[in-house]
1. With Cβ to Cβ distances under 13 Å as the rule, what net charge do the other residues near THR158 carry (K, R +1; D, E -1)?
2. Which lysines have a Cα less than 24 Å from the Cα of LYS115, not counting those fewer than 8 places away in the same chain?
3. Take the alpha-carbon centre of region 160-225, take the same for region 76-150, and report the distance between them in whole Å.
4. What's the local net charge at THR251, with K and R +1, D and E -1, over the other residues with C-beta under 12 Å away?
5. May I ask for the Rg/Rh ratio of region 2-279, computed from Cα atoms with Rh as the Kirkwood radius, given to two decimals?
6. Hey, fewest Cβ within 10 Å first, where do MET18, MET76, MET121 land in order?
7. For THR201, THR155, what ranking results if the residue with the fewest other Cβ atoms within 10 Å of its Cβ goes first?
8. Please rank HIS194, HIS224, fewest neighbouring Cβ atoms within 10 Å first, as an exposure proxy.
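Quick note: the coordinates plus some simple rules give every number you see, no bench work behind them. Please read these numbers as outputs of a predicted model, since none were measured by experiment. Note that each Cβ is placed from the backbone with ideal geometry, even for glycine, and that neighbours are counted across all protein chains shown.
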Amino acid sequence: MFLALIGSVLAGDLRVDMLDVGQGDSILIRTPANKVILIDAAESKGHVNEQLVREGVDHLDLVIATHPHADHIGGMQKVLHDFPVKLYVDNGLPHTTQTYAGVMSEIETKAIAYKTGVNGMVFNLDDGAKLEVLFPNGSALTGTRSDLNANSVVTRLTHGSDCFLFVGDSEAPTEQGLLNAGLTQCDVLKVAHHGSQYSSTPSFLNAVQPKIALISVGVGNSYHHPGPDTVERIRSMGTAIYRTDESGQITVTSTGHGVKVTTAHAPVAVPGTPAPWYPTGTAPAGSSPAASAPVAVPTPPPTGTAAATTPDPACAYVASKSSEVFHENSCGNGGKIAPDNKVCYPTREAAVASGRRPAGCCKP
C-alpha cells in the first residue's frame with residue numbers, strides 16, 4: 001500500500017528529534033518540504049504540545065501511535081485536539097484505559113483519517129524520503145510477555161542512503177518477526193522499550209548494525225531503564241549511544257548521505273566541539289559519543305501557568321524563527337513561543353509580506 005504525501009527528488013536535509021519527555025517516547029520528523037510526522041506522544045506530563053510549539057510545528061501530516069500504553073499516548077489526545085492532523089495510524093489493538101478511549105474519541109470528534117499500520121504500508125514523503133511500516137505483519141502476536149508491546153508499529157525511515165529504525169516498545173518476539181522478514185542494516189536505531197532487558201537481542205542488533213542508538217528514558221526512573229546488559233550489548237558493537245536522561249532533546253539531521261547528531265546538553269559539555277558526523281556506510285569509532293556542542297533549548301513555563309507578558313503593539317502577530325507560519329500573539333500557540341525564538345509583526349499584512357503563511361491551528 002503506497003500513501004503519497006508528496007513526491008520530489010532529494011533536495012534538502014531531513015530532521016529527526018527525539019523529544020525530551022521523561023519516561024516515555026515521542027519522536028518528531030520533519031522533511032525538507034515541511035512534512036511533519038509525530039511518532040508517539042509520551043505521557044501527559046511529557047509536555048509534547050509545548051515542545052512542538054517551541055519547534056514551530058503548526059500541523060501534523062502523519063501521527064503514529066506505536067502502541068496504546070500511557071507512556072506513548074498519554075499526551076496524544078491533547079496533540080490531536082490542538083494540531084490539525086491529516087492521518088492517524090496505530091497497531092489496531094484496543095486498550096481498556098481512559099487514555100486510549102480519549103484518543104479514539106478525539107479522532108472521531110475531529111474526523112481524523114485513521115488506518116491500522118501493517119507491513120507493506122509505505123508513506124512516500126518528499127526529497128527522496130519514505131517511511132515504511134515493517135510490523136505488525138497482519139497477524140497479531142499473542143501469548144507474549146506483553147502483547148501490546150510486542151505488536152508495536154515498527155517503521156523504517158529512509159532519506160537517500162540514510163536509514164532510521166523506530167521500534168516502539170518491541171520485544172524479542174517482534175525482533176524475531178522482523179528478522180524472519182529479512183531485516184537489514186540501518187544507521188540510526190530508536191532503542192526499544194527505553195532500553196529494557198526485554199528487547200535489543202544480540203541477533204537483532206547484529207542484523208541492524210546501528211551506528212547511532214537513541215534511548216528515550218526518564219532521569220532516575222523506577223524501572224531502572226536502560227538495563228546495563230542492554231547498554232553493554234549496544235556499546236560493544238561500537239555504536240554511539242545517546243540518551244535523553246543524559247543529553248536532553250536529541251536531534252539527528254540527515255543529508256541523504258550521512259547523519260549529524262546534536263543534543264540539548266551532555267554530561268560533559270565541551271563548548272565549540274563539532275557535532276558528531278556519521279557518513280553513510282561508516283561505523284563510529286569508540287563507544288559513547290563525545291559531548292556535542294550545546295544547543296540552547298528554551299524552558300517553557302510550569303504546567304498550568306502562563307508566562308507573564310505585556311501586550312506589545314509591535315508583536316500583534318508572531319512566528320517562530322524556524323517556522324513558515326505566523327500566529328496572533330493572543331493565540332495559545334503563539335503565546336508559547338519562547339522570547340528568544342520569536343519574530344514580531346505589528347500587522348497581519350506585515351506577517352504575510354514576510355513570506356510566512358497563517359497558522360492552521362488559529363487561522364490568524
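1. It works out to a net charge of -3.
2. Within the straight-line limit of under 24 Å, LYS115 reaches these lysines: LYS35, LYS78, LYS86, LYS130, LYS190.
3. Centre-to-centre distance over Cα atoms comes out at 19 Å.
4. -1
5. 0.93
6. MET121, MET18, MET76
7. Arranged by neighbour count, lowest to highest, THR201, THR155 become THR201, THR155.
8. Fewest-to-most ranking of HIS194, HIS224: HIS224, HIS194.
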